[in-house]
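So the structure is just underneath, and the comments pick up after that.
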Amino acid sequence: MKAGIAIHGGAGTIEKSSLTPELYNMYTTALNKCIEAGYKVIEQGGSAMDAVSAAVIALENEPVFNAGCGAVFTHGGGHEMDASIMDGSNLMAGGVTCVKNIKNPIILAREVMEKSGFVLLSGAGAEEFARTQNIAFEPDEYFYNEVRYQQYLKIRDSDYMQLDHNVNLKKGTVGAVALDKHGNLAAATSTGGMTNKRYNRIGDTPIIGCGTYANNNTCAISCTGHGEYFIRNVVAYDVSCLMEYKGLSLQEACNIVVNDKLVKLGGEGGLIAIDAAGNIALPFNSEGMYRANQSIGAERVIAVHEL
C-alpha cells in the first residue's frame with residue numbers, strides 16, 4: 001500500500017495553442033499549492049478525509065477554478081454551488097446543492113455528513129443548517145469576478161448554458177481523492193456549476209455515486225465534466241463496481257467508464273481515482289484535464305494534457 005493524493009481542477013477543451021506560458025504557470029502554480037495542502041496531511045499521518053477536505057478547501061479558495069470564490073454566474077446573476085464528500089472507511093457521505101454565499105461548500109458538505117443525520121441538503125435548508133454549524137458565509141462581492149461576469153453577459157439573454165471548459169476562462173469542477181497511511185480512502189468534489197444555468201439545475205457533483213464515491217474495498221473517485229452524462233452513467237460508482245464485481249484493476253475500470261461508456265453517449269470529461277493499494281488513475285476523454293498527484297516517496301506530477 002502506498003498512501004497518496006490526487007486533485008483535479010476541471011476537464012474539457014483545453015487547446016495547447018491557447019495555453020500560453022503565463023496561463024500554464026498560473027494554473028499549475030494553483031494546482032501545486034492545492035495538492036500541497038492535502039499532501040501535507042497524508043505525509044504527516046493524517047486521515048484521507050482531512051486530506052481531501054484540505055485540498056478542496058484550497059481549490060475553492062483559488063479564483064482560477066469554478067468552485068467557491070471562482071464560481072460561475074447563474075442566469076439570475078448569482079451563484080449556486082454544489083459539493084460532496086465521502087469516507088471510504090464507513091461509506092458515510094454528505095452533500096449540498098444550490099447553496100449561496102457559502103465560502104467553502106465542501107466544509108458544509110462534511111458537516112452534513114457528520115452532524116445532520118442526512119446525506120444531501122439543498123438551497124435555503126442547507127444554508128439554515130450551515131448557520132447552526134457556524135459555517136462561514138461571504139457577501140456576493142466575494143464571489144464576483146470580472147472574467148466570470150463577462151462570460152455570463154455574453155450568453156445571459158439566451159437559453160444557452162455553458163460548461164466552463166475554455167482555456168481563456170476559469171476551469172470547472174474541482175476535486176480530490178486520497179489514501180492515507182491507515183489504509184482509508186476518501187473523495188471530495190466541489191463546483192460552481194454551469195454559466196447561465198436555470199431552474200436550480202443540479203449536476204453530478206453533489207450526487208454520491210455519480211460525481212463522488214469512496215469505498216475502502218475498491219477506490220475513491222472524483223469526477224469532472226458534463227454532469228448530466230455522469231449522472232446517467234453513475235460514473236463514480238460504476239468504476240468501483242467494475243473493480244468489485246468483475247475484478248478489474250483501477251486503470252482498466254476507469255478506461256472502460258471514461259473512454260468507452262461515456263464516449264458512446266457523448267459525455268465529455270474525466271475523473272481522478274486512487275485504489276486501496278495506492279494506484280492512481282487520471283483518465284479523461286477531453287482535450288485536457290487540470291490535475292496533480294503525489295504518493296509518499298514519489299515525485300509530484302502536475303499536468304494539463306496527456307503526458
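Please give the Cα centre distance for the range 234-292 versus the range 201-226, rounded to the nearest Å.
11
Of (1) 15.9; (2) 14.4; (3) 17.4, which is the value of mean projected area of the Cα convex hull in nm² derived from the coordinates here?
Among (1) 15.9; (2) 14.4; (3) 17.4, the one calculated here is (2).
Would you order PHE143, PHE230, PHE137 from fewest to most other beta-carbon atoms within 10 Å of each residue's own beta-carbon?
PHE137, PHE143, PHE230
Beyond a 19 Å Cα-Cα separation, which of these cross-linked pairs lie in this structure: LYS2/LYS33; LYS16/LYS261; LYS103/LYS181; LYS40/LYS100; LYS2/LYS181?
LYS2/LYS33; LYS16/LYS261; LYS103/LYS181; LYS40/LYS100
Let's see if you can work this out: charge +1 on each Lys and Arg Cβ, -1 on each Asp and Glu Cβ, no other charges. What is the dipole magnitude of the range 4-303 about its Cα centre, in debye to the nearest 20?
180
Please check which bits of the range 273-290 a label hung off GLU306 would reach, taking the label as a point 7 Å along Cα-to-C-beta and the cut-off as backbone N under 16 Å.
282-290
By the scheme Lys and Arg +1, Asp and Glu -1, what is the net charge of all other residues having a beta-carbon under 12 Å from that of CYS210?
So the environment of CYS210 carries a net charge of -3.
At a threshold of 8 angstrom on Cα-Cα distance, excluding pairs fewer than six apart, so keeping six or more, what relative contact order does the chain reach in percent?
26
What is the gain in length, in nm to one decimal, between TYR245 and VAL263 on full extension, counting 0.36 nm per residue of separation less the C-alpha to C-alpha distance?
Gain in length upon complete extension: 4.2 nm.
If you find the alpha carbon centre of the range 120-136 and of the range 23-68, how far apart are they in angstrom?
What the calculation gives is 24 Å, centre to centre.
For the pair LYS33 and TYR199, how long in nm is the line joining their label points, each one 7 Å along Cα→Cβ?
Result: 3.8 nm between the two label points.
If you plug each phi of the range 183-190 into the Karplus form 6.51 cos²θ - 1.76 cosθ + 1.60 with θ = phi - 60°, what whole-Hz ³J(HN,Hα) values come out, in order, with x for Gly and Pro?
Once θ is set to phi - 60°, the couplings for the range 183-190 become x, 9, 9, 7, 9, 8, 9, 8 Hz.
A short reminder: the numbers here are calculations on the coordinates, not readings from a lab. Fair warning: this is a prediction, and the values are worked out from it, not measured in the lab. Every residue, glycine as well, gets a Cβ built from its backbone with ideal geometry; the counts of neighbours run over all protein chains shown.
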